[in-house]
Amino acid sequence: MPGRTWRWQMMVKGVEKVAVKINWTPMGCAAFLAPSGEEKPDGAADFPCELISRAGELNLDPGDVFFAWEIARLVGEDMGSKKQRALILLILATQALSVEGSTRLPLSGGGYFDRILNDLQAGDDEKALIRVLLSEACSKPGLGGLANIFGKAGDYRPLIFDHGCLYIQKLHALEGRVGKYLRDRITAVEEISDREPDADEPAAVNFEQALEEVFATPPKIGSVKAGLDEQQKLAVHTALSGRITVISGRPGSGKTSIVASILRVLVRTGRPPLQSVALAAPTGKAADRMRQSVTGHLAAVEGAGAPDRLLIDNCPPSTTLHRLLGYSPRRDRFWHNEFNPLSEKMVIVDESSMIDLTMMDHLLRALQPEARLILLGDADQLPSIEAGAVLRDLCRSKEALKGKQRVVVLEKSYRAREEDSAGKGILEVAAAINEGRPPAESGDGSALATRNEVSEILFEGVEHLVPGDEYQKTAFLTKWYQLLINRLPDLNERLACTYSSSPAGFDPENSARLKEILAHFERFRILCATRITAGSSGSSDINAWFYQRWLEHLRNKGLITGSPHFPVGEPVLMTRNDYSLRLYNGDSGLVLNVVMESAVSRRLSEPMAVFPRGGSFVAYPLEALRGCLEPAWATTVHKAQGSEYENVAIILPAVYVRPLTRELLYTALTRAKKSVVIVGPEEILKLGINKSLERASGLADMLC
């Protein structure tokens with residue numbers, strides 16, 4: 001049978017029939033896609049072309065359907081066509097959930113199982129056959145037939161039964177390995193906390209003395225000493241007493257102040273030394289914000305002693321997880337793993353809610369057994385785009401963590417100060433949405449202000465504009481645009497400037513000017529549920545509207561001619577990683593006129609994309625970033641994770657879309673420090689609040 005050839009015929013709309021010879025092997029059989037009525041070669045099975053459109057609605061492509069079809073063929077030729085079709089639907093259901101971020105398909109009635117089959121438009125007969133197949137697969141272990149596809153934990157089969165769920169084998173193995181690594185760290189807590197210090201280490205009492213000294217000398221913000229509260233102190237103590245610690249809290253709850261306090265303790269005890277500590281985050285922007293927060297905290301310590309001055313000069317740099325683990329794009333692998341572990345004795349990771357199961361696996365495998373891992377994030381935010389919700393699972397694994405005290409949840413937020421009425425309103429509305437309650441009920445009904453006209457908007461606290469038509473939404477965008485260009489009085493003069501950079505970078509004067517103008521554009525951000533159009537409410541549509549308005553403004557001021565793809569003053573966002581330039585997906589910058597000077601020449605100025613890096617800035621020609629940039633007047637909520645803005649506008653879709661959930665709304669609201677304007681129909685807002693982004697994950701089971 002291997003090596004046999006036959007003609008593969010396919011009719012494509014608008015294209016004449018084509019035929020090619022291919023090799024037919026048991027695992028590489030091509031489908032017979034010829035029009036009905038033509039003779040089918042011996043042994044060729046019908047490919048379920050009609051399932052491609054169904055699968056496409058769940059973000060599955062034809063390759064996924066082909067994969068499901070090939071796996072189903074492993075059963076053999078005894079299965080009828082109807083049963084084979086039902087088996088393909090079951091495999092597609094498991095794949096579709098993994099695309100959504102789940103790691104497994106629960107098989108109990110209702111919930112995920114019924115919902116995903118309904119999304120695949122499975123009929124009652126198909127659902128009944130799927131249940132028969134599942135029953136047969138569980139009751140007939142052995143060789144051949146369904147046993148070629150289905151197995152139990154420990155088997156090497158395409159699909160695995162475990163804990164009443166169905167897994168793709170790769171995700172089952174991955175989740176089991178992550179669970180084992182985490183379980184080993186959790187159960188090793190007592191060994192670490194009770195061990196005697198080495199001969200060359202300071203006495204254990206120094207640890208308590210260091211804590212007392214750090215807690216007694218907090219930073220001073222304005223005229224107020226920003227001391228740690230009891231929960232934050234507990235988090236610091238916990239992080240320094242075990243191999244793994246999870247610290248979860250709302251944005252602005254002081255998580256990075258905890259990081260700074262941990263470093264202040266370490267510099268006093270030397271256990272571990274600063275050079276053995278790594279600070280990391282999933283994205284470049286989150287890593288940069290982590291660095292800014294930590295250094296800002298250290299600089300504000302009043303009457304800093306010699307240890308704190310030493311820490312300021314030798315603070316561990318923050319980096320992305322990919323860079324920490326030595327990712328090679330060319331080889332698509334990481335330099336550090338269980339065979340070549342990291343040298344660091346402590347790794348502190350911020351924005352951990354964005355870490356997917358695969359990245360957590362790479363990180364855990366690269367750690368030395370005795371190294372400490374500290375994960376910080378907000379378990380209520382949007383989880384990672386890829387499969388898994390590790391931080392959320394850890395926070396919810398009460399049984400696995402019972403008595404271990406490895407999770408600290410911070411309740412208070414300092415980003416939007418509760419003493420400030422606007423900030424308090426944002427927190428109250430965010431909390432209501434996070435609990436699935438109508439935002440109108442938050443703050444005794446006063447936290448959310450409903451606006452029927454654009455002219456009523458004050459840009460304070462949380463306001464909900466219910467647009468009567470498309471014209472009113474356009475009127476809001478116009479008002480937002482005017483707010484942005486008028487908040488910096490000399491904006492046009494700053495845009496007309498040419499900023500000079502040398503091979504060593506921007507000098508302090510240019511850096512100071514760049515800091516002001518980039519900070520201005522970072523104070524405002526429109527957030528959308530999706531990028532593509534959803535009733536003209538996707539980020540692409542909003543960006544197109546602002547592009548036209550901005551071009552008109554620049555032409556009227558004589559700042560540009562023509563219609564450049566990225567005009568001066570347009571905020572931009574990286575859409576992919578460029579490791580050679582050290583720019584990463586989600587990094588935001590601004591297009592400005594820059595001249596690159598050298599010792600021998602001064603080139604003409606040209607529009608470049610300017611990005612913050614460390615305490616200064618870097619600029620790259622737009623041509624060097626071709627295909628990596630998109631406008632950032634508006635962006636999706638996913639891309640805004642790890643960022644904060646003074647003013648946020650949330651544009652709801654005109655019709656409900658799947659990504660709109662309470663987690664997305666909560667994440668969008670908590671990006672703001674001063675004001676949030678929700679723009680969209682009230683019924684769409686209610687649908688989003690009532691839809692929770694639950695992921696079927698077995699990590700909690702793996703921890704037990």
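The values are calculated or read from the model by the stated rules, or taken from the named source; none is laboratory data. Just so it is clear, the model here is predicted, and its values are computed rather than measured. Because the Cβ atoms are built from the backbone with ideal geometry, glycine has one as well, and the counts that use them run over all protein chains shown. With ligands, DNA and RNA removed, areas are computed over all heavy atoms of the protein, side chains included. Shrake-Rupley method; radii C 1.70, N 1.55, O 1.52, S 1.80 Å.
Quick look at the values:
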quantity: Test result for residue 519, under 23 Å from residue 675 (Cα atoms), of a type in the set (A, V, I, L, M) and out of contact with any Asp or Glu (no Cβ under 6 Å at 6 or more places or on another chain); calculated: yes
quantity: Where a residue in region 164-180 is under 19 Å from residue 107 (Cβ atoms) and touching a residue at least 12 places away in the same chain (Cβ under 8 Å) and its partner, wherever it lies, is assigned to a helix (DSSP H, G or I) and hydrophobic (A, V, I, L, M, F, W, C), with Cβ under 6 Å and at least six apart; calculated: 175/699; 175/702; 176/702
quantity: Residue match in region 555-571 (condition: at pLDDT 90 or above, among the aliphatic types (A, V, I, L, M) and either assigned to a loop (DSSP other than H, G, I, E, B) or open to solvent by 30 Å² or more (accessible area, probe 1.4 Å) (or both)); calculated: yes
quantity: Test: residue in region 356-366 that is more than 30 Å from residue 671 (Cβ to Cβ) and not in a helix (DSSP H, G or I); calculated: no
quantity: Residue identified as closer than 28 Å to residue 356 by Cβ and hydrophobic (A, V, I, L, M, F, W, C) among 604, 685, 669, 622; calculated: 669
quantity: Some residue of region 70-88 being within 28 Å of the chain's Cα centre (by Cα) and free of Cβ contacts under 8 Å to residues at least 60 places away in the same chain; calculated: no
quantity: Tabulated pairs, region 434-461, first open to solvent by less than 20 Å² (accessible area, probe 1.4 Å), second assigned to a loop (DSSP other than H, G, I, E, B), C-beta under 8 angstrom, 6+ apart or interchain; calculated: 439/447; 461/447
quantity: Filter pass, residue 582 being surrounded by fewer than 23 Cβ atoms within 10 Å (Cβ to Cβ), in contact (Cβ under 8 Å) with a residue 40 or more places away in the chain, under 21 Å from residue 289 (Cα atoms) and among the charged types (D, E, K, R); calculated: yes
quantity: Residue, modelled with the lowest pLDDT, within region 124-182, restricted to residues that are on the phi > 0 side of the Ramachandran plot and within 37 Å of the chain's Cα centre (by Cα); calculated: 154
quantity: Whichever residue in region 496-553 is of a type in the set (Val, Ile, Thr) and assigned to a helix (DSSP H, G or I) and, among such residues, is surrounded by the most Cβ atoms within 10 Å (Cβ to Cβ); calculated: 542
quantity: Output for region 95-120, where each listed residue is polar (S, T, N, Q) and open to solvent by less than 10 Å² (accessible area, probe 1.4 Å); calculated: 102, 103
quantity: Failed item, numbered, when residue 203 is tested on (1) modelled with pLDDT of 85 or more; (2) small (Gly, Ala, Ser); (3) open to solvent by 30 Å² or more (accessible area, probe 1.4 Å); (4) closer than 30 Å to residue 236 by Cα; calculated: (1)
quantity: Of residues in region 219-234 being at pLDDT below 90, of a type in the set (A, V, I, L, M, F, W, C) and outside any loop (DSSP other than H, G, I, E, B), the one farthest from residue 363 (Cα to Cα); calculated: 224
quantity: Of all residues making up region 585-595, the number that are crowded, with 19+ Cβ neighbours inside 10 Å and not in a strand (DSSP E or B); calculated: 2
quantity: Residue list for region 631-653, filter: open to solvent by 40 Å² or more (accessible area, probe 1.4 Å) and either modelled with pLDDT of 85 or more or at positive phi (or both); calculated: 638, 639, 646
quantity: Cross-chain or 6+ apart pairs with Cβ under 6 Å, region 116-128 first and polar (S, T, N, Q), then surrounded by fewer than 19 Cβ atoms within 10 Å (Cβ to Cβ); calculated: 121/54
quantity: Qualifying residues in region 278-310 (those that are hydroxyl-bearing (Ser, Thr, Tyr) and more than 16 Å from residue 640 (Cβ to Cβ)) - the one most open to solvent (accessible area, probe 1.4 Å); calculated: 295
quantity: Pairs where the first residue, in region 37-55, is closer than 17 Å to residue 99 by Cα and the second is of a type in the set (S, T, N, Q) and modelled with pLDDT of 75 or more, C-beta under 6 Å, 6+ apart; calculated: 54/121
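Residues are listed down the side, and each one gets a yes or a no for (1) modelled with pLDDT of 85 or more; (2) open to solvent by 10 Å² or more (accessible area, probe 1.4 Å); (3) of a type in the set (Lys, Arg):
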site	(1), (2), (3)
245	yes, no, no
253	no, no, no
258	yes, no, no
275	yes, yes, no
312	yes, yes, no
